[in-house]
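I have placed the structure first, in the form of structure tokens, so that the comments after it can refer back to it.
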Amino acid sequence: MRAVVITEPGGPDVLQVQEVPEPGVAADEVLIDVAATAINRADLLQRQGFYPPPPGASEILGMECSGTIAAVGAEVAGWAVGDRVCALLAGGGYAQRVAAPAGQLLPVPAGVSLVEAAALPEVACTVWSMVFGANAGRLLPGERFLVHGGSSGIGTMAIQLAHQRGAEVFTTAGTPAKLDACRVLGADHVINYREEAFEERIAELTGGAGVDVVLDNMGAKYLGRNLTALATGGRLVVLGMQGGVKGELNLATLLGKRATVHAAGLRARPPAMKAEIVTETLANVWPLIEAGTVRPVVDRVLPLDAAGEAHRVVDASEHVGKVVLQVSSEED
Ligand SMILES: NC(=O)c1ccc[n+]([C@@H]2O[C@H](COP(=O)([O-])OP(=O)(O)OC[C@H]3O[C@@H](n4cnc5c(N)ncnc54)[C@H](OP(=O)(O)O)[C@@H]3O)[C@@H](O)[C@H]2O)c1
């Protein structure tokens, strides 16, 4: 089968389509004929050699895909050959075929094309578990929510879900056009992080009260400022470290606010834990997508051969939402 291979750690040009062996399928897995996959920021790190896949996962890039089930493992119930699905993967999505644990499959939502569905699993599962999950953000209707990088893949889903669940949504982005896109998705307050100190603007906008939940992609660089922006009882959920891994935390501020700092990744969790998140995402997010109130935000669709160009676009942050790679040329 054809797959995108990292020929050596490096820039986008190291990605090349090559013939590779088909994956094996375990008893609890299905084999998917991949229609499309989508780029995640972590893929850029993996390409550069900084983010190896978890033990046992495919070396091929790709943490999500959509497609049609081609074969079903002996222990799999509830899924059949021919079903149209999308899936959360530990790797292997940038390929014509991938094996996925049955617990990580989701049906393609009604009203969403097979290609667009590739843009959903990673952002929907991540945002649901980290913003609303009992062990993480626990965002409630009427609360205030800040998501950094509102025009990112994660941000575009977080804004929509928080808005639909009745939160007041604050977001940051780096250009006026991206801020406009965030407003259209449901952000109530948009802050250009290049021009304003977001924590000061939030203090102004909330009369000093702050926000209840922050979803943060920056890590160390924003740690202190996020804490300043938090309300009493607030929850800071760190899901990315684009601004570094080591920061200083003022525990007196944390204590005074009775606040929580939580950091978590999805990819390395055991399949049973991912299956639980997938089940909750299906129950809570899929109905909103099928009702049309939350939608996959796809910036562009490129062919698999253009994986390098897709990485360049995401690296340069030229996108709003997700960049999708179409793998199969079959009509939707
Ligand atoms: N923990 C997990 O399981 C998990 C899962 C998925 C994603 N993530 C993380 O979530 C983040 C978003 O992922 P993605 O794939 O959606 O990324 P993406 O589409 O590549 O977006 C990256 C975002 O970072 C923003 N950004 C850059 N500098 C910023 C700054 N100083 N302040 C605020 N925002 C800034 C960019 O905003 P501009 O374009 O406006 O500059 C852009 O929106 C990444 O850090 C990723 O690693 C974590």
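Miscellaneous remarks
- By other beta-carbon atoms within 10 Å, ranking Tyr222, Tyr51, Tyr193 with the fewest at the front produces Tyr51, Tyr193, Tyr222.
- Quarter of the Cα convex hull surface for the chain, i.e. its orientation-mean projected area (nm²): 15.8
- For the stretch 229-332, the percent of C-alpha pairs falling in each 5 Å distance bin, counted from 0 to the bin holding the largest distance, reads 2, 8, 10, 11, 16, 20, 16, 8, 4, 2, 1, 0.
- Annotation: for a label point projected 7 angstrom from Cα along Cα→Cβ of Arg258, residues of the stretch 126-164 with backbone N closer than 18 Å are 136-140, 143-144.
- For Leu31, Leu251, Leu230, the sequence from fewest to most other C-beta atoms within 10 Å is Leu251, Leu31, Leu230.
- Contact order relative to length of the chain, as percent, for alpha carbon pairs under 8 angstrom and 6 or more apart: 19
- Antiparallel bridge percentage (DSSP; both residues within the chain; nearest 5): 55
- Nearest-20 debye value, the stretch 160-228 charge dipole, Cβ charges on Lys, Arg, Asp, Glu: 220
- Cα gyration tensor shape for the stretch 130-247, rounded if a/c is under 1.5, else prolate or oblate: rounded
- Each peptide among 276-284, 300-308, 110-118 gets the average number of other Cβ atoms lying within 10 Å of its residues, and from highest to lowest they stand as 110-118, 300-308, 276-284.
- Only Lys, Arg, Asp and Glu carry charge here, each on its Cβ (+1 for the first two, -1 for the last two); on that basis the chain has a dipole of about 1020 debye about its Cα centre.
- For Glu309, Glu143, Glu75, order by how many other beta-carbon atoms lie within 10 Å, fewest first: Glu75, Glu309, Glu143
- Peptides 129-142, 87-100 ranked from most to least packed give 87-100, 129-142, packing being the mean of other C-beta atoms within 10 angstrom over each peptide's residues.
- Environment charge of Thr260, counting only residues whose C-beta is closer than 15 Å and scoring Lys/Arg +1, Asp/Glu -1: +1
- When both the stretch 213-256 and the stretch 261-298 are represented by their alpha-carbon centers, they are found 23 Å apart.
- For the stretch 158-223: rounded, prolate or oblate by the Cα gyration tensor [a/c cutoff 1.5]: rounded
- Degrees between helix 271-284 axis and first principal axis of the chain (Cα, 0 to 90, nearest 10): 70
- Estimated dipole of the stretch 210-321 in Debye, rounded to 20 [Cβ of Lys and Arg +1, of Asp and Glu -1, Cα centre]: 460
Throughout, read-outs are computed from the coordinates displayed, never taken from laboratory work. Please read all numbers here as calculations on a predicted model, not as lab measurements. Cβ: placed from backbone, ideal geometry, glycine included. Neighbour counts: every protein chain shown.
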